[in-house]
Amino acid sequence: MATPARQAWRQLIRTSSRSPATPSNLLQQQRLALRRQASTSTRAPSRRAVAPSPSALLRPQPSARRSYSSGPQGNQQTPPPPPPPPRSNGNQVKFWPFVIVIACGSGGYMLLVNRRKEIPPSQRATPPDMAPTKPTPAFSAADVTVLFVLGGPGAGKGTQCARLVHDYGFTHLSAGDLLRAEQDRPGSQYGQLIRDCIKNGAIVPQEVTIALLEQAMRAAMAAASANRRFLIDGFPRKMDQALKFEEVVCPARLVLFYDCPEAEMERRLMERGKTSGRADDNADSIRKRFRTFVDTSMPVVTHYEAGDRVVKIDATPTPDQVYAVTQQRLKQALGDKF
Ligand code: C5P
Ligand code: MG
C-alpha cells in the first residue's frame with residue numbers, strides 16, 4: 001500500500017505533466033499536493049466531513065424515492081430508516097426552567113388556598129363584582145304571615161277569604177281588585193294596559209301587580225290595627241310573580257288551592273256576570289281565563305306542591321261545606337289558633 005507521502009509525490013508528477021512547467025506553476029502545484037497530503041493523513045474519515053458532489057445532490061434521495069402505497073414495490077429495496085437524531089443535552093436544559101416555574105406557581109397557589117381556609121368566611125374579602133346580589137325581602141316570614149289563595153276563575157276564592165277575614169282577622173288583598181282599582185285611578189299610566197289584560201284574561205306584568213300588593217301590605221301594617229296576617233287572593237298567577245314576590249316582598253307560608261271543575265266554575269261566572277258588571281265575566285273572556293289558568297297558573301300550584309306548601313281543597317260543594325273543610329285543614333297546617 002502506498003504511503004500518503006508517495007501518493008502526493010505521484011499527484012505532483014501527474015499534474016506537472018499536464019500544465020506548463022513554469023517555476024511558479026511548479027511551486028503552486030507542489031504546495032497544493034502537500035496540502036492534500038496533509039489533509040488526507042490528519043483527517044479521520046467522517047460522514048459529515050465529506051461534502052456531497054453535485055452529481056450526488058442531483059441523484060434522487062431516499063426520501064424522494066419513497067413510495068406512500070402500502071403494497072410491495074417489486075424488487076425495489078426499501079432504504080434503511082434514517083438514523084435517529086442524536087440526543088442532545090440542550091433540550092433538557094431548556095425544559096427544566098418550565099418545570100421550576102410550574103412547581104413554584106402551584107406551590108404558591110396551594111399556600112394561598114390554605115391560608116384562605118384559615119380565615120373565617122365572614123372576614124374573607126370578596127371582590128365587589130362577586131358579592132351576592134340577591135335582595136332581601138321587605139318583610140320576613142317571622143314578622144308577617146302570607147297565605148296565597150289560588151284556584152280557577154269562579155272557584156270561590158273571594159267567598160272563602162271573606163269568611164276567614166271575619167273569623168280570624170286576616171287582611172284580605174285581592175290582586176284582581178287592586179288591579180281594577182289601579183285601572184280606574186285617574187292618571188294611572190297602567191290603566192289601559194290593565195284593562196286590555198283583564199278583558200283578554202291575560203296576566204298583567206308582575207312589576208305592576210307586585211308593586212300594588214306591597215303598597216297595600218305597607219298600608220295595612222301602618223294602620224292603627226296593624227294587621228300582619230295576609231290572605232293574598234288570586235296571586236301568584238304566574239311563576240315570575242311567585243318568585244319575585246317571595247324574593248322582594250315576603251316569603252309565603254302556604255298556598256290554599258281551591259280545586260273546581262271548569263263546568264262548575266263557568267256556571268258560577270255566568271251567574272255572577274248578570275250583576276257583577278265585570279268586563280271579563282262573559283263567555284269569550286271566561287274561555288280565555290280558563291286557558292290562562294291551565295297554561296300559566298297551574299305550574300305555580302305544581303311548584304308549591306313540590307315544596308309541600310299546598311293545602312288543596314275541593315271547591316265543588318256549597319260555600320259552607322268548603323269553608324268547614326278550609327278551617328279544618330288550616331288548623332292542621334298552622335295550628336288550632338291560626
Ligand atoms: O282574580 P280575578 O279573577 O279578579 O282577576 C281578574 C283578572 O286580573 C285576571 O283575569 C287577570 O287579567 C288579572 N290578574 C293578573 N294577575 C293576578 C291577578 C289578576 O293579571 N295575579
Ligand atoms: Mg276574586
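Farthest towards the positive end of the charge dipole of region 165-261, among the residues Val208, Ala175, Ala223, is the Cα of Ala223, using unit charges on the Cβ of Lys, Arg, Asp and Glu. Hey, which of these cross-link pairs are over 19 Å Cα-Cα: Lys157/Lys238; Lys238/Lys337; Lys199/Lys274; Lys274/Lys312; Lys238/Lys274; Lys238/Lys288? Pairs exceeding 19 Å: Lys238/Lys337; Lys274/Lys312; Lys238/Lys274. Size check on region 141-223: the Cα extents along the three principal axes, sorted descending, read 36, 31, 21 Å. Taken one residue at a time, the phi angles of region 198-203 give Karplus couplings (6.51, -1.76, 1.60, θ = phi - 60°) of 4, 4, 9, x, 8, 8 Hz. Gly and Pro are set to x. Kirkwood radius for region 235-278, taken over all pairs of different Cα atoms as the inverse mean of 1/r, rounds to 13.1 Å. Take the Cα of Glu262, go 7 Å toward its beta carbon, and the backbone nitrogen atoms of region 288-311 under 11 Å from that spot belong to 288-295.
Near Val310, the amide H atoms lying under 5 Å from its own belong to Val255; only residues 5 or more places off or on other chains count, and H is placed 1.01 Å from N.
Starting from the Kirkwood Rh over alpha-carbon pairs, what translational D in µm² s⁻¹ does region 123-278 have by Stokes-Einstein at 37 °C and 0.692 mPa s? This corresponds to a translational diffusion coefficient of 191 µm²/s. If eta is 1.306 mPa s and T is 10 °C, what Stokes-Einstein diffusion coefficient results for region 206-267, Kirkwood Rh from Cα pairs, in µm²/s? Translational D for this selection: 119 µm²/s. Calculated on the alpha-carbon coordinates, the convex hull of region 220-338 measures out at 153 cubic angstrom per residue.
No value in this document is a laboratory result; all are computed from the given coordinates. What you are looking at is a predicted structure, and each value in this text was computed from that prediction instead of being measured. Positions of Cβ are backbone-derived with ideal geometry, glycine not excepted, and every protein chain shown enters the neighbour counts.
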